[in-house]
1. Starting with the highest mean, order 34-40, 131-137 by the number of other Cβ atoms within 10 Å, averaged over the residues of each peptide.
2. Rank-order 90-102, 204-216 by packing density, defined as the average count of other C-beta atoms within 10 Å over each peptide's residues, highest first.
3. In degrees, nearest 10, range 0 to 90: what is the angle between the Cα axis of helix 112-138 and the longest Cα principal axis of the chain?
4. Calculate the spin-label point distance for residue 105 paired with residue 73, positioning each point 7 Å from the Cα along the beta-carbon direction, and give it in nanometres.
5. Relative to the longest principal Cα axis of the chain, at what angle does helix 211-223 sit, 0 to 90 degrees, rounded to 10?
6. At a Förster radius of 41 Å, what calculated FRET efficiency corresponds to the Cβ-Cβ distance of residue 223 and residue 20, to the nearest 0.05?
7. Which value in deg cm²/dmol, rounded to the nearest 500, describes the helix-derived mean residue ellipticity at 222 nm for the chain, given -39,500 (n - 2.57) per DSSP H run of n ≥ 4 and division by the residue count?
8. So how tilted is helix 183-198 from the main axis of the chain? Cα-based, degrees 0 to 90, rounded to 10.
């Protein structure tokens with residue numbers, strides 16, 4: 001495929017993936033956040049709004065960046081890329097207090113151990129997100145690698161949106177499997193398939209890091225709320241919350 005054609009395909013693909021992420025957010029948080037906000041019934045600390053604003057801004061930036069490449073506005077693309085580092089840090093940092101609030105809230109209405117267990121998954125997500133963004137930044141001069149690192153980071157950060165789809169489909173059995181792993185990680189597989197058709201082979205970033213991300217999510221599903229998981233989460237909760 002000619003280089004110009006490959007660039008056009010790549011740019012549209014990542015923009016579309018960003019739009020899919022935006023759609024996931026709209027549906028996932030429509031019932032648990034947007035609707036309560038519109039009706040004035042949402043209750044929660046300001047950090048939830050701040051975290052949501054950071055995460056949404058990240059997705060909007062992910063949509064905008066390939067469009068800037070298509071329009072050959074590389075200077076703005078690079079400037080926004082540096083701004084994206086601040087956004088990524090904001091996303092990761094605000095994950096923790098937002099999760100602590102949810103742990104305390106859920107512990108008051110359900111099993112405390114399960115509520116605390118959820119904290120460990122948030123902490124690992126924050127670490128993985130920062131790791132993926134850092135890898136993307138380091139590889140910023142390699143467009144093929146850079147775009148795929150940022151795609152994986154974006155797919156990870158919108159995981160909570162996909163998981164909240166369970167509120168729209170309560171009849172689906174084992175929502176932690178279908179909305180916690182299968183649906184969010186299916187897009188990594190979509191990116192791999194797209195690579196195979198467009199490039200002739202899956203890019204190493206997707207092949208290695210993408211596969212590792214899927215395996216990590218499966219491992220979390222299997223290990224969640226087991227005694228070792230609970231013990232680790234409890235230590236984290238005591239350390240972070242006091």
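No lab work stands behind these numbers, since they all come straight from the coordinates. Just so we're clear, the structure is a prediction, and the values are computed from it rather than from any experiment. Cβ placement follows ideal geometry from the backbone for every residue including glycine, while neighbour counts extend to all protein chains displayed.
1. Values: 34-40: 11.3, 131-137: 19.7.
Result, highest mean Cβ count within 10 Å first: 131-137, 34-40.
2. Per-residue mean Cβ counts within 10 Å order the peptides as 90-102, 204-216.
3. Tilt relative to the chain: about 20 degrees.
4. About 3.6 nm, to one decimal.
5. That works out to roughly 10 degrees.
6. Values: r = 28 Å, r/R0 = 0.69.
After rounding, the FRET efficiency stands at 0.90.
7. On the way: 10 runs with 181 residues, N = 242.
Only helices count here, giving -25500 deg cm²/dmol.
8. 10 degrees
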